[in-house]
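Q: Below is a structure I'd like to ask you about.
The values are calculated or read from the model by the stated rules, or taken from the named source; none is laboratory data. Since the structure is predicted, the reported quantities are computational estimates derived from the model, not experimental observations. Cβ placement follows ideal geometry from the backbone for every residue including glycine, while neighbour counts extend to all protein chains displayed.
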Amino acid sequence: MTELRAGSASDVGRVRTNNEDELLVTDRLFAVADGMGGHAAGEVASLIAVEALKAAFERDRTADGLADAVREANRAVWRRAAEQPELRGMGTTVTATALVDEDGEELLTLANVGDSRAYLLRDGELDQITDDHSLPEEMVRRGELAPEDAALHPQRHILTRVLGMDEEIEVDCFRIIPFKGDRILLASDGLTNELTDDQIASVLRRLSDPEETANELVRQAKASGGSDNITVVVIDVVDDDDRANAASAALASTAAPPSGERVARVADTGGDGSGRRDADVDEPRAPRARRLTTRVVLFTLAVLVLIGGAFGAIAWYARSSYYVGVDGDRVAIYQGRPDGLFWFDPTLEQRTTLAVAEVPPARRDDIARGKEEASLADARRYVANLREEAAALLPPSTTTTVSPPPPSPAPPPT
Ligand code: MG
């Protein structure tokens, strides 16, 4: 059995006078809703949505059931706005997740409309699961706006999709196979407009208790402005029926690449109300580049240190001695090993004036192979010995120095 543990927090913030956000935490269903509309209508919209969502999901606790529950919540807000003129124009976002059973497999299903967000923290890495249905974010997705300009876009608060505006609504659906240690965050834009993803990730990684984590996120969002209502639900997967171990065992035994998507986007049929999904085909999100987790970084560093250490040791050994060898017709001293070692070729240290031809024949094989010496001084001593032996062997006549050439006769005067 997959077991979840959740914590939540909601705060009016430092600017608004009322909290129009609503949250829902049950054993299997979790949601955040951010209401909007004048004269406290936002509060009404988010409350209606959450209550309708809960009631509808109770009737069909499946992935389709959650998407249908969001559509039902939409109709509930829409009907109420139509009935009460003072509530006209109210709307609400909703981001919900539920633990469901699909063909005997437990999975987390997510449904989203609006700009509240769901994130997944897995292996210390934070990913935004949902797409914001706001004007600039839609422009980013169409390639009309740079992602870094979206956060400051003057129309960032204009939502392109929200519950309560129409009788039917398109719902974005996602699903996640939950693994022990996974952490899901649902949050209204009061959090995500105040804190960067890195700041959020840092809190999610640092604190383990979900309630404490939710409170800390709200506290930080307030501290950095608190210009909107802030609502946070943190859901931890505390037991996964040994799914994580089974998955890593399977992975290890097949040496297969990681199964890829952390989150699968589920095709939505739109608001046809039938609840039928386009088969079971997942439309995977664009594969995110596998970011380096701390463990991967540490492992890579350890491997690099080992490789570097081994390389250094080989280099030291390869260059640590000298030998007396041959360079052309001269005796020479080299640094390194006579045949080199891996890619470390010996280097010529000194070409002596001693001709190979002068070396006593008994020593020539030695220097042809390379006579190894522990140090440069030892190598020089060996050459000096060779010189002495050579001199002792040579007949005296051949040691005479070459006499200077006789002076050339002066040119005859003209
Ligand atoms: Mg808000």
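Q: Out of all the residues in the range 64-87, is one or more of a type in the set (S, T, N, Q), within 35 Å of the chain's Cα centre (by Cα) and more than 16 Å from the ligand (Cβ to nearest atom)?
A: There is no residue in the range 64-87 that is of a type in the set (S, T, N, Q), within 35 Å of the chain's Cα centre (by Cα) and more than 16 Å from the ligand (Cβ to nearest atom).
Q: Can you list residue pairs whose Cβ atoms sit under 7 Å apart, with the first residue in the range 53-69 being in contact (Cβ under 8 Å) with a residue 40 or more places away in the chain and the second being surrounded by 16 or more Cβ atoms within 10 Å (Cβ to Cβ) and polar (S, T, N, Q)? Count only pairs 6 or more apart in sequence or on different chains.
A: 63/109; 66/109
Q: Only one of (1) assigned to a loop (DSSP other than H, G, I, E, B); (2) modelled with pLDDT of 85 or more fails for residue 276. Which number is that?
A: Every listed condition holds for residue 276 apart from (2).
Q: Determine, yes or no, whether residue 132 is acidic (Asp, Glu), in contact with a strand residue (DSSP E or B) (Cβ under 9 Å, 6 or more places away or on another chain) and not in a loop (DSSP other than H, G, I, E, B).
A: Against the criterion (acidic (Asp, Glu), in contact with a strand residue (DSSP E or B) (Cβ under 9 Å, 6 or more places away or on another chain) and not in a loop (DSSP other than H, G, I, E, B)), residue 132 does not qualify.
Q: Still on this structure: Residue by residue through the range 88-101, note down the ones that are away from the ligand (no atom under 16 Å from the Cβ) and of a type in the set (S, T, N, Q).
A: Across the range 88-101, the qualifying residue is only 97.
Q: Just for the range 206-223: of the residues that are under 16 Å from residue 5 (Cα atoms) and of a type outside the set (Asp, Glu), which one is surrounded by the most Cβ atoms within 10 Å (Cβ to Cβ)?
A: 214
Q: Could you grab me the full set of residues in the range 1-29 that are over 30 Å from the mean Cα position of the chain (by Cα), away from the ligand (no atom under 16 Å from the Cβ) and assigned to a loop (DSSP other than H, G, I, E, B)?
A: The answer is 26, 27.
Q: Which residue pairs have Cβ atoms under 9 Å apart, sit 6 or more places apart or on different chains, and have a first residue in the range 218-231 that is farther than 9 Å from residue 190 by Cβ and polar (S, T, N, Q) and a second that is assigned to a loop (DSSP other than H, G, I, E, B) and more than 11 Å from the ligand (Cβ to nearest atom)?
A: 220/195; 224/195
Q: A follow-up question, please. Give the number of residues within the range 60-99 that are surrounded by fewer than 21 Cβ atoms within 10 Å (Cβ to Cβ) and assigned to a loop (DSSP other than H, G, I, E, B).
A: Looking only at that region, the number is 6.
Q: Quick check on residue 234: is it of a type in the set (A, V, I, L, M), within 16 Å of the ligand (Cβ to nearest atom), at negative phi and crowded, with 22+ Cβ neighbours inside 10 Å?
A: No; evaluated as a whole, the condition is false for this residue.
Q: Got a number for residues in the range 179-214 being within 16 Å of the ligand (Cβ to nearest atom) and at pLDDT 95 or above?
A: So the answer is 11.
Q: Name, by its number, the condition in (1) away from the ligand (no atom under 15 Å from the Cβ); (2) outside any helix (DSSP H, G or I); (3) under 20 Å from residue 86 (Cα atoms); (4) modelled with pLDDT of 95 or more that does not hold for residue 35.
A: Answer for residue 35: the failing condition is (1).
Q: Going through the range 38-54 one residue at a time, which ones are part of a helix (DSSP H, G or I) and over 23 Å from residue 176 (Cα atoms)?
A: Of everything in the range 38-54, those that are part of a helix (DSSP H, G or I) and over 23 Å from residue 176 (Cα atoms) turn out to be 41, 42, 43, 44, 45, 46, 47, 48, 49, 51, 52.
Q: Here's another thing I want to ask about it. Here is a list of conditions, (1) in contact with a strand residue (DSSP E or B) (Cβ under 9 Å, 6 or more places away or on another chain); (2) at pLDDT below 65, and residue 321 meets all of them except one; can you say which number that is?
A: It is condition (2) that residue 321 fails.
Q: Continuing with this model, one more query. Can you give me the number of residues within the range 102-122 that are within 16 Å of the ligand (Cβ to nearest atom) and farther than 22 Å from residue 181 by Cβ?
A: Residues flagged as within 16 Å of the ligand (Cβ to nearest atom) and farther than 22 Å from residue 181 by Cβ within the range 102-122 amount to 5.
Residues checked against (1) small (Gly, Ala, Ser); (2) in a strand (DSSP E or B); (3) over 19 Å from residue 199 (Cα atoms):
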{"site": "118", "(1), (2), (3)": "yes, yes, no"}
{"site": "137", "(1), (2), (3)": "no, no, yes"}
{"site": "144", "(1), (2), (3)": "no, no, yes"}
{"site": "152", "(1), (2), (3)": "no, no, no"}
